[in-house]
Amino acid sequence: MGQASTELYEKIKAAATEKITALKQKPVVLVGMATCGKAAGAEKVREAFKKEIESHGLEAQVIDVGCMGHCYAEPLAIIAKPGHTPLCYGYVDEELAKRLVIDFLVNDDPCYEFAMVALETNDVFPTFSDFPRGVYEQKMILEHCGFIDPEDIDHYIDKDGYAALAKILTLEPEEVLEEVKSANLRGRGGAGFPAGTKWEACRKQKEPVKYVICNGDEGDPGAFMDRSILESNPHQVIEGLIISAYAIGATEGYFYIRAEYPQAIRTIRTALEQAREKGFLGKSILGSDFDFEIKVFQGSGAFVCGEGSALVSSMEGKMGIPRPRPPRLTTSGFRGKPTVVNNVKTFCYVPLIMKNGADWFKSTGTPGSPGTAVFTLVGKITNSGLVEVPMGTTLRQLIYDVGEGIPDEKEFKAVQIGGPSGGCLPESALDVPIDFDSLEEAGAMMGSGGLVVLNEDDCMVGIARYFLEFVQKESCGKCTFCRLGTKHMLEILNDITQGKEKDLASLDLLRELAEDIKAGSLCNLGKTAPNPVLTTLRYFWDEYIVHITEGRCPALMCKDLIVYYIAPELCSKLCNVCVGSCPTEAIYTREDGLKAIDQEKCVKCDNCLKTCPPQYNAVIKLSPPEMLKEKEGGSAK
Amino acid sequence: MSKKITLTIDGREITAPEGEKLLWVALDNDIYIPNLCAVKEIDPPQASCRLCFVEVEGYREPVTACNLAVTEGMVVKTRSPAVDRLVKTAFELLLSDHRLKCSECPKNRSCELQKIAKERRLKLRLTRFRPLVKDLPIDDSPDTFAFDPTRCVLCGRCVWEDHEVAGVGAIGFSRRGIDRRVTTFGDTSLADSPCIECGFCVEVCPVGALSFKE
């Protein structure tokens, strides 16, 4: 039976390759149409390409692809014209799309002045590896994201997709399990639990019905890795899920994807349909006696449902509320049956490990955390986007080399890693290597991969408050510590950021409460909820002190601790911009023609500061608010 | 009949059926461990009140006794500085959300919170936290009993009793986070709900949230 699967696959592969090769004979325009691209206006760009191609009667195809990872430069388009090096263009708008069709597709000018990067090595234009980001980046699971059509399975098959599945069907499930265990693949959902160990625990259960679930309930603020992968290369995840099911002995699989990800859900559904048609899913997969079916379940947007037991509970139609362990899900999970829940990214590595072997996987990364780490690099960073670097890369390399540092000549302040469960690390921690254990030692955690860079304008007390408010709102309310403890912590932080707290003892209580919530909560949402507060207390203690003792926000971010002020020595009589920008008519013209703010009316919306022309920069923020008296006293003289 | 094992709780050697949850083994042997949400029949336990922390040899941190199965040779201490700290905080957190006028409460002197305070020498007032008691009305629509949600500690015993013992399904948990509460479908009064006034829920309420009239 084993050989049959390989032969069958070879036939499917040959057909796919023939189709893709034929496609490449004609010019192809790939437009990045993942959610990130669409948000930047990619739909209009695609229509512009199509219209222009049609109006010139060209035989060129426009194909929607997923996310290439360079979100800062969206909308992105790739043009591959036979006889030319394929080029990627960033910041594409409708005008540029038209121009590229005329200049490049109709004529033969690739418009290098607009090109961002070449996709193949050539002697004219640099490729990704010629940039600092390309040096550090090593794409394993993102390799094909943004370069293949996620809605056409043949694109994936042409890249050897499903070859690993055909191969493992010739192996015993135990052999597959051993390979994954030997690769030391650690779960990419955050905690880093070894996937092989989890699978083995599930496999050992005598119960004939077992489930395997792909956790796509990504919910961290600023994180979008899982969405991008589901939208850009769905078959890689599906193949991983099928292989894991084979290893575990699972009979049914589920994608748990939050309903806020409609495109990911659509893409996965289409992909499942196509996989079924090709015989990779369903009864006797690739002619073997292995049957497996995958369904899609839409999560309703509760953050806590990313937690395994709450996820399973919500799938059963119950409230999405965690339960104590043991029993582990591998013993009693979905519908009481042994269940494996792994993150989207974890499944992505599986086909690669099975195709290339555990040693290949372990040759990247660190001994304790082999492989790569996928991050969404966001916040105050020059090149935001989706990046994949080997484990062990330092935060400094990731931020300054891959992300090209902090824009607008601002000072780096901290990096928030691991979402609401993670922590804020300062400059001094930037040489921490990125791996599961080192980050945890530093007080943060790998989390699912959100990485938010903060600069001097970010108040660390305010940031801690923001993340705590997030978990407080997302707490399911079941257990005492999380339900009430986070609420009390938030009250304290509200008071500090609003200048109502004058007693330093409140910080002791804050820390005590944080430690108790960490030790006493039922699930990992509660256990990790205090991390942003604990790390900011540890690394940015001074900022807390200044808020309390001086009523001052050093980053000028806490609204109740600042006032807006127009410096008369900088303001110009010739300009009226701020007056028009103010929504509450708080800005008036003084007798001398300069502008001033009526503090009673000011709502601190920041509009005046943003609109004041750079040659004046006359609007400034003062903290503590008492500074205003000093200033106004001075200017009156 | 399951196998018997021997364990030690606070220096006392105790024999118990293997696999039984530690909380029940302790309570059955007159060793008190604070608890509110524990119901023997709920499996897996709710483990939501976070009061039954104990120290068990081999565990780095205190663990809850309600969901820990006893094993041969297990060594348990019901008190330690770490346990006391967690219990103290959890207890005061619960009090911060609980209307604290014991003298006016129908459960005065038979309240589990009072019992915990007495056993663990904890204060029945807020020392560190500010009150978070919500402004929710008392539902006295049933003929025989009343429900005061501001005294509810969300232990869930009433919900279990209503669903699994009485088999009625008049009440359940609703909302999330700090707004979680026990209520009827659509927040109607109990009189307008399927409640049959069997009184089972009232009997298991550890505090003064559910109380018989008179």
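The values are calculated or read from the model by the stated rules, or taken from the named source; none is laboratory data. The model shown is predicted, which means the values in this text are computed figures rather than measured ones. Positions of Cβ are generated from backbone atoms using ideal geometry, with glycine treated the same way; all protein chains shown enter the neighbour counts. SASA here: full protein model, heavy atoms, side chains in, ligands and nucleic acids out. Shrake-Rupley method; radii C 1.70, N 1.55, O 1.52, S 1.80 Å.
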*Out of A:Ser421, A:Ser384, sole residue that is touching a residue at least 40 places away in the same chain (Cβ under 8 Å), in contact with a Cys (Cβ under 8 Å, 6 or more places away or on another chain), open to solvent by 10 Å² or more (accessible area, probe 1.4 Å) and farther than 21 Å from A:Leu185 by Cα*: A:Ser384
_Every residue from segment A:439-467 that is open to solvent by 10 Å² or more (accessible area, probe 1.4 Å) and either within 14 Å of another protein chain (Cβ to nearest Cβ) or farther than 27 Å from A:Gly385 by Cβ (or both)_ = A:Glu441, A:Arg465
*Any chance you could count how many residues in segment A:278-297 are assigned to a loop (DSSP other than H, G, I, E, B) and either in contact with an Asp or Glu (Cβ under 9 Å, 6 or more places away or on another chain) or exposed (fewer than 15 other Cβ atoms within 10 Å of the Cβ) (or both)?*
6
*So A:Glu7 fits all but one of (1) open to solvent by 30 Å² or more (accessible area, probe 1.4 Å); (2) under 27 Å from the mean Cα position of the chain (by Cα); what number is the exception?*
(2)
*Single residue of segment B:93-110 satisfying the filter (within 9 Å of another protein chain (Cβ to nearest Cβ) and in a helix (DSSP H, G or I)) that is farthest from B:Phe145 (Cα to Cα)*: B:Leu93
*Which one is farthest from the other protein chains (Cβ to nearest Cβ), of the residues in segment A:475-499 that are open to solvent by 30 Å² or more (accessible area, probe 1.4 Å) and in contact (Cβ under 8 Å) with a residue 12 or more places away in the chain?*
A:Gln498
*Inside segment B:137-178, can you point out the residues that are free of Cβ contacts under 8 Å to residues at least 12 places away in the same chain and within 14 Å of chain A (Cβ to nearest Cβ)?*
B:His163, B:Arg175, B:Arg176, B:Gly177
*Go through the residues of segment A:540-554 one by one and say whether even a single one is more than 14 Å from chain B (Cβ to nearest Cβ), in contact with a helix residue (DSSP H, G or I) (Cβ under 6 Å, 6 or more places away or on another chain) and farther than 30 Å from A:Cys608 by Cβ.*
no
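Just for strands (runs of 3 or more DSSP E) wholly inside segment A:546-627: which have at least 1 residues that are in contact with a Leu (Cβ under 8 Å, 6 or more places away or on another chain)? I'd like the intermediate steps shown before the answer.
Values: elements: A:563-566, A:587-589, A:595-597, A:619-622.
Per the criteria, A:563-566, A:619-622.
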*Can you tell me which of A:Phe436, A:Phe470 is within 14 Å of chain B (Cβ to nearest Cβ) and under 19 Å from the mean Cα position of the chain (by Cα)?*
A:Phe470
_Which listed residue, of B:Val87, B:Val83, is under 22 Å from B:Ile42 (Cβ atoms), within 14 Å of chain A (Cβ to nearest Cβ), modelled with pLDDT of 95 or more and buried (at least 20 other Cβ atoms within 10 Å of the Cβ)_ = B:Val87
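So which residues in segment A:174-222 are assigned to a strand (DSSP E or B) and open to solvent by 10 Å² or more (accessible area, probe 1.4 Å), if there are any at all? Show your work before the answer.
First pass over segment A:174-222, keeping only residues assigned to a strand (DSSP E or B): A:186, A:194, A:211-216.
The answer is A:Arg186, A:Pro194, A:Tyr211, A:Asn215.
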*Run A:Pro322 past the list (1) open to solvent by less than 40 Å² (accessible area, probe 1.4 Å); (2) more than 14 Å from chain B (Cβ to nearest Cβ) and report the number of the one that doesn't hold.*
(2)
_For segment B:36-80, which positions are buried (at least 24 other Cβ atoms within 10 Å of the Cβ) and either away from chain A (no Cβ under 12 Å) or not aliphatic (A, V, I, L, M) (or both)?_
B:Cys37, B:Gln46, B:Ser48, B:Cys49, B:Arg50, B:Cys52, B:Phe53, B:Val54, B:Thr64, B:Cys66, B:Val70, B:Val76
